[in-house]
Amino acid sequence: MIAPSILSADFAHLADEIAAVDGEPGTRADWLHVDVMDAHFVPNLTLGLPVVESLLKTSDIPMDCHLMIENPDHWAIGYAEAGAHNVTVHAEAAKDPVAIAKDLKAAGAKAGLSIKPGTPLEPNVDVLKHYDTLLVMSVEPGFGGQKFITEVLDKARTARDLVDTGHLKLLVEIDGGINADTIEQAAEAGVDCFVAGSAVYNAEDPARAVEALRGQAAP
Ligand code: DX5
Ligand code: ZN
């Protein structure tokens, strides 16, 4: 699955930018990745629930909300209630991640847990039993266009093994620095869903970029 991140899109024309990856099946985004940043959990500020609510009306592509915010225990539920398909919170910010997962699912969304490059997987495995998605960050969260951190692939491999051996039941997603040069190694590590911001929206034709990435992930 390919999830274009609108962080690298033109914020003055978001509906058009989303429509650009909402065409024919081969070039269509599987998920639309929306990065919510609060200038506290990460040193950048993007958009919040009112914008997400409007964007949800512009496209049927399942929305993948990545909340890089403090106190997701309070804020995450609103994104689920608004109709996001998947809502991901950060393990480093969540006070009660099991309660968050239960609330998100009760509101009809899939629940995602994200870990920053320096956060180990093992202490989060028990909590992940309550989640549908693990988002492995392959850059420090906050900005698009950063260099892929190869070392995080060990965590993706471990997660893949835990899923394949039946210990966890979740999608493995990766976010940061995914492009034509890095997507194959992430696919080999067992990643299911690839977020790509600059590789899609800095391309001349975002739809063709989605198609090309999909081909590289599953040759
Ligand atoms: C970074 C965001 C990413 C970002 C990825 O904190 O979570 O989703 O958009 O951008 P690229 O693909 O350019 O690294
Ligand atoms: Zn993201």
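For the range 17-69, the set of residues classified as within 16 Å of ligand 2 (Cβ to nearest atom), out of contact with any Gly (no Cβ under 8 Å at 6 or more places or on another chain) and part of a loop (DSSP other than H, G, I, E, B) consists of Val21, Ala29, Asp30, Trp31, Ala39, Phe41, Thr46, Leu47, Gly48, Ile61, Pro62, Ile69, listed by residue number. Taking the range 53-74 as the range and being away from ligand 1 (no atom under 16 Å from the Cβ) and touching a residue at least 12 places away in the same chain (Cβ under 8 Å) as the test, the residues that pass are Glu53, Leu56, Thr58, Ser59, Asp60, Asn71, Asp73.
Asp132 fulfils the conditions (1) within 16 Å of ligand 2 (Cβ to nearest atom); (2) touching a strand residue (DSSP E or B) at 6+ places or on another chain (Cβ under 8 Å) except for a single criterion, (1).
When the range 112-140 is limited to residues that are among the aliphatic types (A, V, I, L, M) and part of a loop (DSSP other than H, G, I, E, B), the one that is farthest from Phe194 (Cα to Cα) turns out to be Leu121.
Among the listed residues Ala109, Ala80, which satisfies the condition of being within 15 Å of the chain's Cα centre (by Cα), farther than 26 Å from Arg157 by Cα and more than 16 Å from ligand 1 (Cβ to nearest atom)?
Ala80
If you go through the range 25-39 and keep only what is free of Cβ contacts under 8 Å to residues at least 60 places away in the same chain and over 19 Å from the mean Cα position of the chain (by Cα), you end up with just Pro25. The condition (being touching a Ser or Thr at 6+ places or on another chain (Cβ under 9 Å) and closer than 18 Å to Leu32 by Cα) is satisfied by just one residue among Gly112, Gly108: Gly112.
Here are Leu134, Leu162: which of them is buried (at least 19 other Cβ atoms within 10 Å of the Cβ), more than 16 Å from ligand 1 (Cβ to nearest atom) and hydrophobic (A, V, I, L, M, F, W, C)? Walk me through how you get there before you give the answer.
Values: Leu134 fails: more than 16 Å from ligand 1 (Cβ to nearest atom).
Result of the check over Leu134, Leu162: Leu162.
When the residues of the range 1-52 are filtered to those that are charged (D, E, K, R) and farther than 20 Å from Leu134 by Cβ, the one that is farthest from ligand 1 (Cβ to nearest atom) is Glu24. Among the residues of the range 197-215, not a single one is farther than 28 Å from Asp10 by Cα, touching a residue at least 12 places away in the same chain (Cβ under 8 Å), of a type outside the set (A, V, I, L, M) and more than 14 Å from ligand 1 (Cβ to nearest atom).
Would you confirm whether any residue within the range 141-153 is in a helix (DSSP H, G or I) and crowded, with 17+ Cβ neighbours inside 10 Å? The answer is yes, given that some residue of the range 141-153 is in a helix (DSSP H, G or I) and crowded, with 17+ Cβ neighbours inside 10 Å. Taken over the range 175-185, the criterion of being of a type in the set (D, E, K, R), more than 17 Å from the chain's Cα centre (by Cα) and outside any loop (DSSP other than H, G, I, E, B) is satisfied by Glu184 alone.
What number of residues within the range 186-208 satisfy the criterion of being more than 16 Å from ligand 2 (Cβ to nearest atom) and either within 22 Å of Cys65 (Cβ to Cβ) or over 18 Å from the mean Cα position of the chain (by Cα) (or both)? Quick ask: steps written out before the conclusion?
Going residue by residue through the range 186-208, those that are more than 16 Å from ligand 2 (Cβ to nearest atom) are 187-190, 203-208.
Imposing the further condition that a residue be either within 22 Å of Cys65 (Cβ to Cβ) or over 18 Å from the mean Cα position of the chain (by Cα) (or both) reduces the set to 188, 203-208.
Total satisfying the criteria: 7.
Every number here is computed from the coordinates shown, using simple stated rules; none is lab data. These numbers were taken from a predicted model, which means no experiment stands behind them. Positions of Cβ are generated from backbone atoms using ideal geometry, with glycine treated the same way; all protein chains shown enter the neighbour counts.
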